[in-house]
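Right, one structure below, let's go through it.
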Amino acid sequence: MRSPPVRYAKSGDVHIAYQAVGEGPLDILVTPGSISNLDIYWEEPSFARFFKALTGIGRLILFDKRGTGLSDRVVEAATLEERIDDIRAVMDAAGSSRAVLFGLSDGATMGILFAATYPDRTAGLIVYGGSARWSRSPDHPWLPPREEFLAFLASEEKESTFGSDVFVEEGIASMAPSRSNDPAFKEWFGRLRRSGSSPSASRSLARLNMDVDVREVLPAIHVPTLVLHATGDRDVPVESGRYIAKRIPGAKLVEFAGVDHMFMVDPEALSRVVNEVRGFARGLTSVAESDRQLTTVLFTDIVDSTRTASKLGDQAWGKLLDQHWKDVRYELSRFQGREIKTLGDGVLASFDGPTRGVRCACAIRDHVRSSGIEIRAGLHTGECLAAGNDLQGVAVNLAHRIMEKAGSGQVLVTSTVRDLTVGSGIQFRDRGSATLRGIEGKWHLLEVGSGY
């Protein structure tokens, strides 16, 4: 089948290739897995049938992630934050104010984070063959150890097997084993892999995925959610789908027989998935908007402000504070932060992404030093309740308590912030577990390194 017209959305300095196909009252945006190419996709009849079936439910929006397919190539794999920015850019370019996010494989991670961060733009969330993390942990014992997978990537790079017959055959055996003896599918799959990304980009994305972890995000999703998984999926075990469904409030889990991670190559699996999606879409006619969303919270505070004010005197201290607020607001604007309120000589601010929040905190710290001021800062990413222009919730209290633990010039964060900034280049130093005043349990804290 001929590929529909490809258009481009601008996300920062990067062009993201997308297609908008069909019409309808509902938009369905597919967040792809590691392999995608909008032109090559449509050449395989099973994929074309899948896309055509979705256009019978609503308007279909497809895109290639930055660095893959027809989108701009980039040197490094995109961070989760950049991927979420790209979804917004595609939706804006396609004129979509709200859409059902259909996350395929590791593309489900993007859908999960988008749905938690932008519930007002998410009509519903569908996860197929997804996982909250991609390397082994105590609660994900069915996944491969990170070290084992990295060793495999190193071996693949050394032997230069990318694009070879063995490489293609191993990919099919993992993702579409029911088509292993189909020469035409093998030829198409090989072209998809080669055109989807370069060898270095593919390995970079795979390494990034090994560190992705959105487990803490799952309880913050408050949009209707459907989790689909094949019980015999050879690429992502069904236990990953069960884990996700158990932790998203009200999520529906549907398991079905099959071994293909690329479910569309199996006619029976394709029919089951499409029927489930159609039924899910029918139930989205009236969805209440949520006033809760995933937010990165930042608190700052001037160190030894009382002693400094006493030393300088009221007039000089007032001038210093005026300059301080100008510096803080300049950096908040630069990193797309929102000032919630000032608290004495500190600020409470929010961000829709942790990477921007961490970089803003460090920029404020470095900027105000020119005025002879040292600050401390604390950040956490969690579910917040919007109360007018204010923010409420445990995440807000937690960020404040973390700031209280910080020393002069320190920016402290939780492990959740660390997990969601994978690929950003931000370095963290482990500061161990801490008990926080008024907060139950112990919290793993990290300090942002000087070379953030």
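Here, each number is a calculation from the coordinates, and none is a lab measurement. All values derive from a computational prediction rather than experimental measurement. A quick note on method: Cβ atoms are made from the backbone with ideal geometry, for glycine too, and the neighbour counts reach across all protein chains shown.
Set the Förster distance to 45 Å, then compute FRET efficiency between E23 and R207 from the Cβ-Cβ distance, nearest 0.05.
It comes out at approximately 0.65.
With each pseudo-label sitting 7 Å past Cα toward Cβ, what's the E239-R282 distance in nm, one decimal?
With each label placed 7 Å out from Cα toward Cβ, I get 3.6 nm.
Toward the positive end of the charge dipole of the chain, about the Cα centre and with charges on Cβ (Lys, Arg +1; Asp, Glu -1), which of G33, T79, Q315 goes farthest?
Farthest along the dipole direction, towards plus: Q315.
Once the mean 1/r over all distinct Cα pairs of region 304-374 is inverted, what Kirkwood radius in angstroms do you read off?
With all distinct Cα pairs of region 304-374 included, I get 12.7 Å.
Report the normalised scattering of the chain as log10 I(q)/I(0) at q = 0.07, 0.12, 0.14 Å⁻¹, calculated by the Debye formula with identical scatterers on the alpha carbons.
Debye intensities relative to I(0), on a log10 scale: -0.38, -1.02, -1.32.
Let me have the 222 nm mean residue ellipticity of the chain computed from DSSP H runs of 4+ only, each contributing -39500 (n - 2.57), with the sum over all residues rounded to the nearest 500.
That calculation yields -12500 deg cm²/dmol at 222 nm.
Looking only at region 364-405, which residues have a backbone nitrogen under 13 Å from a spot 7 Å from the Cα of L312 in the C-beta direction?
Zone members listed by number: 368-375.
Please arrange S11, S137 by counting, for each residue, the other beta carbons lying within 10 Å of its beta carbon, fewest first.
Fewest-to-most Cβ neighbours within 10 Å comes out as S137, S11.
Of the peptides 208-214, 412-418, 227-233, how do they stack up when ordered by the mean number of other Cβ atoms within 10 Å, highest first?
Packing proxy ranking, top to bottom: 412-418, 227-233, 208-214.
Assuming R0 = 22 Å, what is the FRET efficiency of A387 and T342, from their Cβ-Cβ distance, to the nearest 0.05?
0.80
Which ordering of R356, R242 is given by a fewest-first count of other beta-carbon atoms within 10 Å?
Final ranking by Cβ density, sparse to dense: R242, R356.
Could you work out how far apart the two model spin labels at K442 and S180 are, taking each label as a point 7 Å from the Cα in the direction of the beta carbon, and quote it in nm?
4.7
Ratio of region 292-448's C-alpha Rg to 2.2 N^0.38 Å, to two decimals?
1.00
Can you tell me the relative contact order of the chain? Whole percent, Cα pairs under 8 Å, sequence separation 6 or more.
13
Counting GluC sites (Glu not before Pro) as exposed when in a DSSP loop with at most 12 other beta carbons within 10 Å, what is the longest stretch of the chain free of them?
24-288
Can you give the extra length, in nm with one decimal, that the chain gains between K252 and R329 once fully stretched, where that is 0.36 nm per residue apart less the Cα-Cα distance?
23.4 nm
Please work out how many pairs of lysine residues in the chain are eight or more positions apart (or on different chains) and have Cα atoms closer than 16 angstrom.
Step by step, the pairs that qualify in the chain add up to 4.
Quick one: if you stick a label point 7 Å off each Cα along the C-beta vector at S408 and L153, how many nm between them?
About 4.1 nm separates the two model spin labels.
Taking a label point 7 Å from the Cα of R431 along the Cα→Cβ vector, which residues of region 324-362 have an amide N closer than 20 Å to it?
Counting only backbone N, you get 343, 345-351, 354-362.
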